[in-house]
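The values are calculated or read from the model by the stated rules, or taken from the named source; none is laboratory data. This is a predicted model, so every value here is computed, not measured. Cβ placement follows ideal geometry from the backbone for every residue including glycine, while neighbour counts extend to all protein chains displayed. Only protein heavy atoms, including side chains, enter the accessible area calculation; ligands, DNA and RNA are left aside. Shrake-Rupley method; radii C 1.70, N 1.55, O 1.52, S 1.80 Å.
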Amino acid sequence: MPWVETASPAFTARHDAAELDDVVALLELLERTREALAGALPVRPEGIGVVVHSSPAQLDVAQPPLVLARRRAHPAARRYIAGWCTASEIHVLAPRLLAARASGAPGSREMLELVPATLYCRVAIGASNRRLPPPHRPRRLLRARRWAWLHTGAASWLSGQAEHARPAIARRLHEGPKPAFPPAAADALLLGPTLVDPLAREEGERALLSLLLDPRPGRPRQALERAFGGRALRATEGTWRAQLARIARGHG
């Protein structure tokens, strides 16, 4: 089938003609996500291209960094690394292929359905904070690796993807080593939101967004201590690890 273009107010998708109905729904998701970010992020980019790929191989060839990102992630997270973004484009698998990647675990399908929304949140974060990607320039990439738990975790939290992640998090905790605090880059997709969410709940969404958009340099641990109102970092870590233990046991 030939490739065609389908547009919405803020996005233009390129896709196989056979994917039209699913792409229309995907664009509606992206428009809702963009609207939901109003008041949260100062920049909500428009004119974004969306390339909808009809096979995993096609996506990997088009975006080689995605292959490396998937390899570096914990196995529990890899099925959800199904797209990539630049400052002006989102590359993602077609919705039918996202659905096909789902495991039998609760929340898996929903997490995959929200991959395009999460990618757009990353685009908006990079546009709002010039110290974070995209674009994927060397300095931004170095900083993003150190702050991946915040950058990646906030995008998942803002898109609503994190709400469905508990079974995947439990798998990560059962199969992998004790996670670092803050979570390392390999754990950012699944465990980043587990630190982002309590910050928003305890200190308010404004505290989270201030941390996300703050251009001042500094180390993540120092920034976390400030964000949690000066509370000793060991207390925040203890609360966080207790929450992970409850998730691993299948509770709260």
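Kindly indicate which of LEU173, LEU195 is more than 25 Å from ARG44 (Cα to Cα), assigned to a helix (DSSP H, G or I) and not charged (D, E, K, R). So that I can check it myself, show each step before the final result.
On the way: LEU195 fails: more than 25 Å from ARG44 (Cα to Cα).
Going through LEU173, LEU195 in turn, the sole match is LEU173.
Taking every residue in region 18-46 that is in contact (Cβ under 8 Å) with a residue 12 or more places away in the chain and pairing it with any residue that is part of a loop (DSSP other than H, G, I, E, B) and aliphatic (A, V, I, L, M), at least 6 positions away or on another chain, the pairs with Cβ-Cβ distances below 6 Å are ALA18/MET1; GLU19/ALA94; ARG34/ALA10; ARG44/LEU37; GLU46/ALA10. When LEU119 is tested against (1) within 29 Å of GLY250 (Cα to Cα); (2) in contact with a helix residue (DSSP H, G or I) (Cβ under 7 Å, 6 or more places away or on another chain), exactly one condition is not met: (2). Within region 30-68, the set of residues being open to solvent by 20 Å² or more (accessible area, probe 1.4 Å), in contact with a Phe, Trp or Tyr (Cβ under 9 Å, 6 or more places away or on another chain) and among the hydrophobic types (A, V, I, L, M, F, W, C) comprises ALA62 only. Of the residues making up region 160-213, those that are under 26 Å from GLU113 (Cα atoms) and not hydrophobic (A, V, I, L, M, F, W, C) number 20. All but one of (1) within 15 Å of the chain's Cα centre (by Cα); (2) closer than 24 Å to SER210 by Cα; (3) open to solvent by 30 Å² or more (accessible area, probe 1.4 Å) hold for CYS121, so report the exception by its number. Failing condition for CYS121: (3).
Since TRP149 meets every condition but one in (1) surrounded by 20 or more Cβ atoms within 10 Å (Cβ to Cβ); (2) closer than 27 Å to PHE11 by Cα; (3) not aliphatic (A, V, I, L, M), which condition does it not meet? Evaluating TRP149 over (1) surrounded by 20 or more Cβ atoms within 10 Å (Cβ to Cβ); (2) closer than 27 Å to PHE11 by Cα; (3) not aliphatic (A, V, I, L, M) leaves (2) as the failure. Summed over region 152-194, the residues that are open to solvent by 30 Å² or more (accessible area, probe 1.4 Å) and closer than 18 Å to ARG249 by Cα give a count of 10.
Residues LEU141, LEU112: which one is assigned to a helix (DSSP H, G or I), surrounded by fewer than 18 Cβ atoms within 10 Å (Cβ to Cβ) and out of contact with any strand residue (DSSP E or B) (no Cβ under 7 Å at 6 or more places or on another chain)? Unique residue meeting the criteria: LEU141. Working only within region 76-102, note down all residues that are closer than 15 Å to ALA185 by Cβ and either open to solvent by 50 Å² or more (accessible area, probe 1.4 Å) or of a type in the set (Lys, Arg) (or both). Selection gives ARG78 alone.
Looking at ARG140, ARG96, ARG131, which one is modelled with pLDDT of 90 or more and charged (D, E, K, R)? Reasoning before the result, please.
Details: ARG140 fails: modelled with pLDDT of 90 or more; ARG131 fails: modelled with pLDDT of 90 or more.
Exactly one of ARG140, ARG96, ARG131 is modelled with pLDDT of 90 or more and charged (D, E, K, R), namely ARG96.
Filtering region 144-170 to residues that are part of a loop (DSSP other than H, G, I, E, B) and either at negative phi or touching an Asp or Glu at 6+ places or on another chain (Cβ under 7 Å) (or both) leaves TRP147, ALA165. Within region 219-252, the only residue that satisfies the criterion of being assigned to a loop (DSSP other than H, G, I, E, B) and of a type in the set (Phe, Trp, Tyr) is PHE228. Highlighted here are the helices (runs of 4 or more DSSP H) found entirely within region 12-103 that include at least 1 residues which are of a type in the set (S, T, N, Q): 20-36, 56-62.
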